[in-house]
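Following: one structure in structure tokens, then a few remarks.
The values are calculated or read from the model by the stated rules, or taken from the named source; none is laboratory data. No experiment lies behind these values; they were computed from the predicted model shown. So basically every Cβ, Gly included, is an ideal-geometry build from the backbone, and we count neighbours across all protein chains shown.
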Amino acid sequence: MNLPGPGLRTRLRTAAALALLPLAALTACGSGGGTPVVAGAQASPAPADDPVAGVRAVDSIAALLPAAVRKAGTLRVGGSVGSPPSAYYPNGQDKPPAGQDIDIAEAVAKVLGVKLERQDASFETILPALGSGKYDFGTGNFGVTAERLKTIDFVTYINDGQGFGVRTGNTTLTTQVSDLTQLCGLTIGTGAGTTFEKTLTAQKDVCAAAGKKPYEVKVFSETGAVTTALQQGRIDVVMSTINGLRHQAAQPAAQTTFLGEYHRLDVGFAFKKGSPLTPAFQAAVNELIKDGTYARILKKWGTNASAIDASRINPAEHT
């Protein structure tokens, strides 16, 4: 698949900024009636500390890379940029992306003694492109699922998962979602090609089985579009990452409320099936855990609760 052109990259940056930006001068009409959406601030700038700066190459781990990669000294990564804390454009400006995924990938590359050639791409295009050899690996808060494991190899680096959020003040849904029948009759927004879309689609019959009106799923290609739809009342609830929703709810301007965890998933770097890179990446992540860099990165982005004790290759999906 083709890389996004300049126009799409600009739209992705704009969408990332909008992920935490309630639209000014709009009136959102939710199921509870019209509620004015207050103007907010742009996505927050990246924290100033740099836990990756001191990371050095570890020869014994770099030796696990294929000889051709060591000689080339570079790896191509296809990265999805959405919203904090995973990966986003600070302040929506035309600057390199920042986030937890960016820092961990850069730290791994330093341990391996290679440089990253980063190409920003939309989330749903990255995994299919791995098989063609367009990228050596991909990042995008990719959850490890049984379905994905059929065609993709993963090296885990964090434990995140699925959660729900609503617009603050919307009383349609006020409790943690533990069963999808709680969503019957509501309109749910989520990202294209995500585990969230897969989960909602696979269980779309639960409401009919319970004798209730089915829920409707609206899929968006851009993270900012989901949040905007929520704020405008075009959807009732968002299904997204636990860490992303928790981070967003902590920003007063976002006016969203996190409804808790629904399902935990391991998250990992993604590779084409049978990639020779996975042992080196696993060893590099474990080195970062051992030397404390990993903990400092998670502290920087406020995701300590999602830390893992050790990286794994292709773990089974959490049930």
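Okay, here's what the table says:
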item	result
Subset of region 65-101 (residues that are of a type in the set (S, T, Y) and surrounded by fewer than 21 Cβ atoms within 10 Å (Cβ to Cβ))	T74
Residue selected from region 276-301 under the condition within 20 Å of the chain's Cα centre (by Cα) and among the β-branched types (V, I, T), by the criterion surrounded by the most Cβ atoms within 10 Å (Cβ to Cβ)	I297
Among residues of region 153-205, those that are among the acidic types (D, E) and outside any loop (DSSP other than H, G, I, E, B), counted	3
Cβ-Cβ under 6 Å pairs, at least 6 apart or on other chains, region 269-291 side in contact (Cβ under 8 Å) with a residue 24 or more places away in the chain and under 11 Å from D136 (Cα atoms), far side of a type in the set (G, A, S) and assigned to a helix (DSSP H, G or I)	K272/G131
Any hit, region 102-117, residues being among the hydrophobic types (A, V, I, L, M, F, W, C), over 29 Å from T256 (Cβ atoms) and loosely packed, with under 15 Cβ neighbours inside 10 Å	no
Single residue of region 85-103 satisfying the filter (farther than 16 Å from S122 by Cα and among the polar types (S, T, N, Q)) that is modelled with the lowest pLDDT	Q93
Given (1) closer than 23 Å to A280 by Cβ; (2) among the hydroxyl-bearing types (S, T, Y); (3) touching a strand residue (DSSP E or B) at 6+ places or on another chain (Cβ under 7 Å), index of the condition T151 fails	(3)
